[in-house]
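Undergrad: Got a structure for you, questions after.
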Amino acid sequence: MEHGNSTLGSGFMLMGILKDSESPELLCAIITILYMLALISNGLLLLVITMDTRLHVPMYILLGQLSLMDLLFTSVVTPKALVDFLRSENTISFGGCALQMFLALTLGGAEDLLLAFMAYDRYVAICHPLNYMVLMSTRVCWLMVATSWILASLSALGHTLYNMHFPFCMSRKISHLLCEIPPLLKLACADTSRYELMVYVTGVTFLLLPLSVIVASYTLILFTVLHMPSNERRQKALVTCSSHLTVVGMFYGAATFMYVLPSSLHSTKQDNIISVFYTIVTPALNPLIYSLRNKEVMGALRRIMGKYMLRTHPTF
């Protein structure tokens, strides 16, 4: 087989799930609807949290950051996939591939860490309510947000630079929805075993360690909730925590499959389905899971809509 080093002038072909589907038009329509849902729901949740001062507390600051990450994450992948399908053109430049990989790794890694910080926030709020404003002050909250973004971007930069330095085979077809580490390594014409070990270690660091924090936090929360004398407080705590655990299960399950399981257990079809799940489906569902059962968010939305109606229709 011929080998060739990738240069800034060369590119790849993204042969994603839309190319391999038996009903690509239907799948394209579904993905479009999910993307629009993600844009509207995440954008609306961000708007509500930004405009309503009652939601300027750590829990909702972190939730707003999650919506921002989801909004950006799905926008890094979905529009290009849809445009490529509609134009019957699936090429991506070397630089474009590197940029997409960097952004996807940054946003995915930041969300991994943020979900762990959100679990800690719920643990403090439920198990140590009297010390909440000390342990989870606004300053601490923004430090958590900055830590998520900085650590994820540094890790993503390292992986992108290392991954893109490999010589790639002349066949530049990436059988995946986006430029991501596992499918791109299949095109490398060099020994990638050491780097795959590094990817595994990073996956454990960014996935399993935060997941252990989440499991520990919710185990302690469960013990506290079961001993609460107030049934109303117990129910409110369970509703909030169940929403978070649903999001954690969807995101961590898909990401762990891609970055922690050995490559021998992967197949192209499975990887494509999993990538759609955490880049398109999860960002669309997250704001609905968090907001529909949250009285504070729905109340803030009604107040904002009420003010808007009064401004536009003062006679109402």
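The values are calculated or read from the model by the stated rules, or taken from the named source; none is laboratory data. Quantities reported herein were computed from a predicted structural model and do not represent experimental measurements. Ideal geometry is used to build each Cβ from the backbone, glycine not excepted, and the neighbour counts take in all protein chains shown. These accessible areas exclude ligands, DNA and RNA; they are computed on the full protein's heavy atoms, side chains included. Shrake-Rupley method; radii C 1.70, N 1.55, O 1.52, S 1.80 Å.
Undergrad: Among 30-41, 274-285, what's the highest-first ranking by average C-beta atoms within 10 angstrom per residue?
TA: Values: 30-41: 17.8, 274-285: 22.6.
In decreasing order of mean packing, 30-41, 274-285 become 274-285, 30-41.
Undergrad: Specify the residue with the greatest mean-square fluctuation among Asn286, Asn272, Asn131, computed from a Gaussian network of the chain linking alpha-carbon atoms under 10 Å apart.
TA: Of the options given, Asn131 has the highest mean-square fluctuation.
Undergrad: Right, another one. Going by Cα centres, segment 111-163 and segment 43-64 are how many Å apart?
TA: 16
Undergrad: Toward the positive end of the charge dipole of the chain, about the Cα centre and with charges on Cβ (Lys, Arg +1; Asp, Glu -1), which of Met164, Leu207, Ile126 goes farthest?
TA: Ile126
Undergrad: Per residue, how large is the accessible surface of the chain? Use a 1.4 angstrom probe and give square angstrom.
TA: Details: 15850 Å² over 316 residues.
Here the residues of the chain average 50 Å² of exposed surface.
Undergrad: Next question. Give me the percent of accessible area attributable to carbon and sulfur for the chain, probe 1.4 angstrom. Could you put the intermediate results ahead of the total?
TA: Details: 10860 of 15850 Å².
The computed percentage sits at 69.
Undergrad: If you look for lysine pairs in the chain that are eight or more places apart or on different chains, how many of them have Cα atoms under 18 Å apart? If you can, show how the numbers build up before the last one.
TA: Details: Lys19/Lys80; Lys19/Lys173; Lys19/Lys269; Lys80/Lys173; Lys173/Lys186; Lys173/Lys269; Lys186/Lys269; Lys236/Lys295.
Counting lysine pairs in the chain gives 8.
Undergrad: For the chain, what is the charge dipole size about the Cα centre, in debye to the nearest 20, if Lys and Arg each add +1 at the Cβ and Asp and Glu each add -1 at the Cβ?
TA: 1060
Undergrad: Which entry in (1) 19.6; (2) 48.3; (3) 18.3 is this structure's computed mean projected area of the Cα convex hull in nm²?
TA: Entry (1).
Undergrad: List the residues whose amide H sits under 5 Å from the amide H of Ile174, counting only those 5 or more places along or on another chain, with H placed 1.01 Å from N in the peptide plane.
TA: Here the answer is Met13, Leu14, Met15, since their amide H atoms fall under 5 Å of that of Ile174.
Undergrad: In terms of modelled amide H atoms, which long-range or inter-chain residues lie less than 5 Å from the amide H of Met164?
TA: Hits under the 5 Å cutoff: none.
Undergrad: Rounded to the nearest 5, what is the percent of antiparallel bridges among the DSSP beta bridges in the chain?
TA: Once the DSSP bridges in the chain are tallied, antiparallel ones form about 75 percent.
Undergrad: Sticking with this one: Once phi is turned into θ = phi - 60°, what whole-Hz ³J(HN,Hα) does the Karplus curve with 6.51, -1.76 and 1.60 give for every residue of segment 100-114, x standing for Gly and Pro?
TA: Residue by residue, segment 100-114 yields 4, 5, 4, 5, 5, 5, 4, 5, x, x, 4, 5, 3, 5, 5 Hz.
Undergrad: Ok, one more. If I measure Cβ to Cβ between cysteines in the chain, which ones have no partner under 4.7 Å?
TA: Cys28, Cys127, Cys141, Cys169, Cys189, Cys241, each lacking another Cys Cβ under 4.7 Å.
Undergrad: Tell me, what HN-Hα J-couplings in whole Hz come from the Karplus equation 6.51 cos²θ - 1.76 cosθ + 1.60 at θ = phi - 60° for each residue of segment 21-37, using x for Gly and Pro?
TA: Here the 3J(HN,Hα) series is 6, 6, 10, x, 5, 5, 5, 4, 5, 5, 5, 4, 4, 5, 5, 5, 4 Hz.
Undergrad: In the full protein assembly as shown, how much of Val260 is accessible to a 1.4 Å probe, in Å² to the nearest 10?
TA: Its heavy atoms expose roughly 20 Å² to the probe.
Undergrad: Net charge near Arg54: determine it from the other residues with C-beta under 12 Å of the C-beta of Arg54, scoring Lys and Arg +1 and Asp and Glu -1.
TA: On the way: positive: Lys295, Arg303; negative: Asp52, Glu296.
That works out to 0.
Undergrad: What are the radius of gyration and Dmax of segment 116-163, computed over its Cα atoms and given in Å?
TA: Rg, Dmax (Cα atoms, Å): 14.6, 48.
Undergrad: Can you pull the one-decimal nm distance between simple spin-label points at Glu196 and Arg302, each 7 Å off the Cα toward Cβ?
TA: 5.6
Undergrad: Further question on the same structure: Near Ser148, within a Cβ-to-Cβ distance under 13 Å, what is the net charge of the other residues, with Lys and Arg +1 and Asp and Glu -1? The partial results should precede the final answer.
TA: Details: positive: none; negative: Glu111, Asp112, Asp121.
So the surrounding residues net to -3.
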